[in-house]
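The values are calculated or read from the model by the stated rules, or taken from the named source; none is laboratory data. Only a predicted model underlies this, so the values are computations on that prediction, with no experimental measurement involved. Heads up, the Cβs are rebuilt from the backbone with ideal geometry, glycines too, and the neighbour counts pull from every protein chain shown.
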Amino acid sequence: MSSIVISGDTSGAVTLSAPAVAGTTTLTLPATSGTVLTTASTAVVTQAMLSTNVAGNGPTFSAYQSSAQTLSSNTVTKLTFTTEEFDTNNNFASSTFTPTVAGYYQVNAGMEVSSSSTGMILYVFKNGSNYKKLTNANPASITGLNGSALVYCNGSTDYIEIYGLIATGQALVAASTTTYFQAAMVRSA
C-alpha cells in the first residue's frame, strides 16, 4: 500500500494511504477552506454541518393526552397534550410545538371520544390560525379521527397547535394511542 505523508509545520503529520484494491480511487476536495469530518472527529454531526435540504437531526417530538379534556359541543378548542414521550430539542411546551430549525415538518394528530358523536373535525393551527383541516367526519356515529399534514416552519416565530371540534360535547379518551400530537422535521429549508 502506498502512502503520502505530509509533515506539519511544528509537529504531527497527515498520512494519505491508497487502498489495497485494484482500480483507481479519486478523492476530490472542495475549492473552499473547511474541515473534513471523519468518524474519529467527535462522531457527532450537527444540523449546521449538513448541506441545505438535509433533515439530519432536526427537532421531533411526540406527546399525548394523559388527563381527559372535555370539549363543548360544536366549539373549536385547542387540545391539550400533557405527557411527552420524547422531545429531542425541547421545542414542545404547553401543547405547542415551536421548532427552532427552519424546515418542513410532518405533523400527525389524533383524537377519540368514548361515546359516538355525529361529527368531528381535527385541525392543525399554525401561528394561531387554522392551517389544515386534517379530518372532517360527519357520519351518523363516529368515535375517533387522525390525520397528518406537511407544514413549513421558519425556525424562529412559527408554532403549531392541534384543535378539535365535536358535535356532541364530551371528554376525549386520554391515551397515547388515541389522542396524540407528533411532529418531525423531514427536510430543512
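Which of the residues spanning region 98-116 are surrounded by 22 or more Cβ atoms within 10 Å (Cβ to Cβ) and either modelled with pLDDT under 95 or under 17 Å from TYR180 (Cα atoms) (or both)?
At the first step, the residues of region 98-116 found to be surrounded by 22 or more Cβ atoms within 10 Å (Cβ to Cβ) are 99, 103, 105, 107, 109-111, 113.
Across region 98-116, the qualifying residues are GLY103, TYR105, VAL107, ALA109, GLY110, MET111, VAL113.
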*Looking at SER95, SER62, SER72, SER66, which is the one that is among the hydroxyl-bearing types (Ser, Thr, Tyr), in contact with a Lys or Arg (Cβ under 7 Å, 6 or more places away or on another chain), modelled with pLDDT of 95 or more and surrounded by 11 or more Cβ atoms within 10 Å (Cβ to Cβ)?*
SER95
_Looking at region 154-182, I want the residues that are closer than 23 Å to SER141 by Cα and have a partner that is of a type in the set (Lys, Arg) and surrounded by fewer than 18 Cβ atoms within 10 Å (Cβ to Cβ) with Cβ atoms under 9 Å, at least 6 apart or on another chain. Which pairs are those?_
ILE162/LYS78; TYR163/LYS78; GLY164/LYS78
*Please work out which one of (1) farther than 14 Å from TYR159 by Cβ; (2) free of Cβ contacts under 8 Å to residues at least 60 places away in the same chain; (3) not hydroxyl-bearing (Ser, Thr, Tyr) is the condition ASN108 fails and give its number.*
(2)
*asked:* Of all residues being under 15 Å from the mean Cα position of the chain (by Cα) and of a type in the set (Phe, Trp, Tyr) in region 133-189, which is nearest to THR60 (Cα to Cα)? Just the residue, please.
replied: PHE181
